[in-house]
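The values are calculated or read from the model by the stated rules, or taken from the named source; none is laboratory data. Fair warning: this is a prediction, and the values are worked out from it, not measured in the lab. When we count neighbours, we look across all protein chains shown, and the Cβ atoms used for this are built from the backbone with ideal geometry, even at glycine.
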Amino acid sequence: MATLELYQVCKHFGASTALTPTSLQVADGEFVVLVGPSGCGKSTLLRMIAGLESPSGGEIRIGGHGVNAQEPSARDIAMVFQNYALYPHMSVRENLSYALKLRKLERAEITRRVDWAVDLLGLQPLLARKPAELSGGQRQRVAMGRAIVREPQLFLFDEPLSNLDARLRNHMRVEIKQLHRRLGTTTVYVTHDQVEAMTLAQRMVVMNHGRIEQVGTPEEVYAQPASTFVAGFLGAPPMNLLAAHISTDGTHVLVDDLAPLPLPAPQPALAGRAVTLGLRPEALLPAVDGRWPLTLNLLEALGGELLLHGSLGRQACVLRVATTASPWREGDTLRVDVASTALHLFDAASGQRLAP
Amino acid sequence: MGGSRAAGERLPGTWFRGRWLPWLLLAPQLLVIAVFFLWPTLRALRDAFYQGDAFGLSEEFVGLRHFAHTLGSAEYGHALLLTLAYALLTSALSLAGGFALAVAVEGLRSGRTLFRTLFLWPYALAPAISAALWVFLFRPQVGLGAGLLEHAGVHWNPALQAGQAQALVLATTVWQLLAYNFLFYGAALQSLPPSLLEAAALDGARGWRRVRDVIWPLLAPTTLFLVVTDLSFVLFDTFGLIDVLTQGGPDHATETLVYKLYEDAFRNFDQGAAAVQSLLLMLLVTGLGVLQLRLQRRRVPA
């Protein structure tokens, strides 16, 4: 186990920038998830940590030692690839032991470690098979086995669950979490799936356009998104982002010609400014004497809860209501209230968080 | 290959009302097959069992006499062994060389395209033309290669020295096949999933271990294909090359099966013997083809 430190690490491919200078500290034993849309630089960052790409600048340290000049195999890391990358011509046992053989470990030690991983992941019945004879979930498990037998300082996961169907994905997610709990190995996990990120991460790093938008625990990032990008990326359905502006005395926020919404605390510095008002779908509550009228366009029943798609003023908006049967119908206009503590304000131009 | 349907099952939309149209479309190819394959084959089949007189005026049925004579002759045995050795040696050398070059070029940081282009050139030449190049290079006294050999103390005269003639044929064939194998190995290398090679890099497989444990086994299907293609090239398509280089000489030292067949048919005018030899050669190529299909089928599920 080890710490991982990145100092001003960046990557250019020719004239295009995949990653702007980025710094990040990962504590010993921590599970960090890099999350963002495709092309946000998260995979590039992971591949540089692995040594599969070399950074254009900056320094990467594992366990306090600079590894920029080290070969991937010398970094004492293990990586699980999206397509598993198992050797198709080797049996499961050979796949698991290959790296150990290359390290010239003693035969008894190799057997001990392989048996341990096989036990941990339940691979016993698969040992003699070739990867082609395994299902997706089994291959995934073998790929994890190949990583853990090396007892590395650092685990790297590159979208490991993307090729699995939804059910299996949930199952393997839990398994990865349990594995981390048992082994306590420092882990960097890359995904574009916000549910994976929220559930697995001790700390998540939200990335966009080759830079870090926000770092924090899933709770922090969800409760206090640093930008409209983060706000819109996390949560399903995502946060409603409404064009608005602050009243001239800095006490209310105005959306179109709807009734003014009082701010939890006056913001004199923002008086008169154009802002983006962020409201989570669950922060809008239907109420008979609610402040705002909402015209209902579409209802989605998800079993335990209901999604109400409608328009507030001239802007589209989604509500999440914890109820099974809908008292409303499409086309109805209902009144909604806003929990004033639940509002987020972002700069209309830059998208950066303003208050509270 | 994989998606082909069972015979007789019709794909939707490939229905022809007229019976003649499919045949019309097939006709050019069928004609070519009939004229250049079926007719000569039938002719050879017949000739193998008949003996004509010297003027081609009469023929008599001789049963298996040609077969017995050919298979029992020391010359045929010699040509057969020579051909096998020639085929195996050239295939092995050009496979190993093509693989090594492809791996080396793939590992280059820059200049890959340049090397790929240069190494491909020999393949673009017809065998007879590349043989002509080698004839110029290795003509005693005047050739550049011959000069170098003389300089190195070799008394170079492939027209008299059997071993030298064989080496010359071998080198020319390998040179040509190498380009072909390089092309296929190069393409196969590029189509390997990058993550597999990255996994190997993370596992610590470097240099020779990486090639031996990962790349070579992953390219096994390509190797299988090339073994059969190389062997059939050497067995059947090297006539022109040998004809230009050595005419099978000196004293039959480079007379392979296909060259001996030609000698017997067009120099010695022994139609019966030539027919028997061409049938045997055809059996050989058919066997190779069947072997390839068998091996490929066994590999496909992986």
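Side notes on the structure shown:
- Test for A:T295: is it over 15 Å from A:V336 (Cα atoms) and at pLDDT 90 or above: no
- Counting only residues that are under 17 Å from A:V26 (Cα atoms) and within 21 Å of the chain's Cα centre (by Cα), segment A:45-80 holds 8 of them.
- Some residue of segment A:67-84 being more than 12 Å from chain B (Cβ to nearest Cβ) and in a helix (DSSP H, G or I): no
- Qualifying residue in segment A:278-291 (condition: in contact with a Gly (Cβ under 8 Å, 6 or more places away or on another chain) and exposed (fewer than 14 other Cβ atoms within 10 Å of the Cβ)): no
- Qualifying positions in segment A:85-112 - assigned to a helix (DSSP H, G or I) and within 14 Å of chain B (Cβ to nearest Cβ): A:E94, A:N95, A:L96, A:S97, A:Y98, A:A99, A:L100, A:K101, A:L102, A:I110
- Filtered residue count, segment B:247-266, keeping only those that are under 19 Å from B:Q164 (Cα atoms) and surrounded by fewer than 22 Cβ atoms within 10 Å (Cβ to Cβ): 6
- One residue from A:S311, A:S350 being surrounded by fewer than 17 Cβ atoms within 10 Å (Cβ to Cβ) and in a loop (DSSP other than H, G, I, E, B): A:S350
- Among the residues here, A:E300 does not qualify as within 25 Å of A:T228 (Cβ to Cβ), under 25 Å from the mean Cα position of the chain (by Cα) and acidic (D, E).
- Which listed residue is crowded, with 18+ Cβ neighbours inside 10 Å, out of contact with any Cys (no Cβ under 7 Å at 6 or more places or on another chain) and either in a loop (DSSP other than H, G, I, E, B) or touching a residue at least 12 places away in the same chain (Cβ under 8 Å) (or both), from B:L89, B:L95: B:L95
- Residues of segment A:178-194 that are touching a residue at least 12 places away in the same chain (Cβ under 8 Å), in a helix (DSSP H, G or I) and out of contact with any strand residue (DSSP E or B) (no Cβ under 7 Å at 6 or more places or on another chain): A:L179, A:R182, A:L183.
- Qualifying residues in segment B:251-286 (those that are outside any helix (DSSP H, G or I) and touching a helix residue (DSSP H, G or I) at 6+ places or on another chain (Cβ under 6 Å)) - the one modelled with the lowest pLDDT: B:D270
- Within segment A:113-154, the residues that satisfy the criterion of being part of a loop (DSSP other than H, G, I, E, B) and hydrophobic (A, V, I, L, M, F, W, C) are A:L123, A:L127, A:A128, A:L134, A:V149.
- Residue check for B:A205: in contact with an Asp or Glu (Cβ under 9 Å, 6 or more places away or on another chain), aliphatic (A, V, I, L, M) and crowded, with 20+ Cβ neighbours inside 10 Å: yes
- Matching entry among B:A96, B:A85, B:A102, B:A132 (being within 15 Å of the chain's Cα centre (by Cα) and among the small types (G, A, S)): B:A85
- When B:E60, B:E75 are checked against the criterion of being outside any helix (DSSP H, G or I), out of contact with any Pro (no Cβ under 8 Å at 6 or more places or on another chain) and among the acidic types (D, E), a single residue qualifies: B:E60.
- Inspection of segment B:110-122 finds no residue satisfying the criterion of being part of a helix (DSSP H, G or I), out of contact with any His (no Cβ under 9 Å at 6 or more places or on another chain) and outside the structural domain of B:S191 (by TED's automatic domain parsing).
- Positions within segment A:140-163 being farther than 18 Å from A:S43 by Cβ and either among the hydrophobic types (A, V, I, L, M, F, W, C) or surrounded by fewer than 21 Cβ atoms within 10 Å (Cβ to Cβ) (or both), in sequence order: A:V142, A:M144, A:I148, A:V149, A:E151, A:Q153
Matching residues to (1) farther than 22 Å from A:H180 by Cα; (2) crowded, with 18+ Cβ neighbours inside 10 Å:
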| position | (1), (2) |
| --- | --- |
| A:H89 | yes, no |
| A:L96 | no, yes |
| A:L100 | no, yes |
| A:E106 | yes, no |
| A:R112 | no, no |
| A:D115 | no, no |
| A:P125 | yes, no |
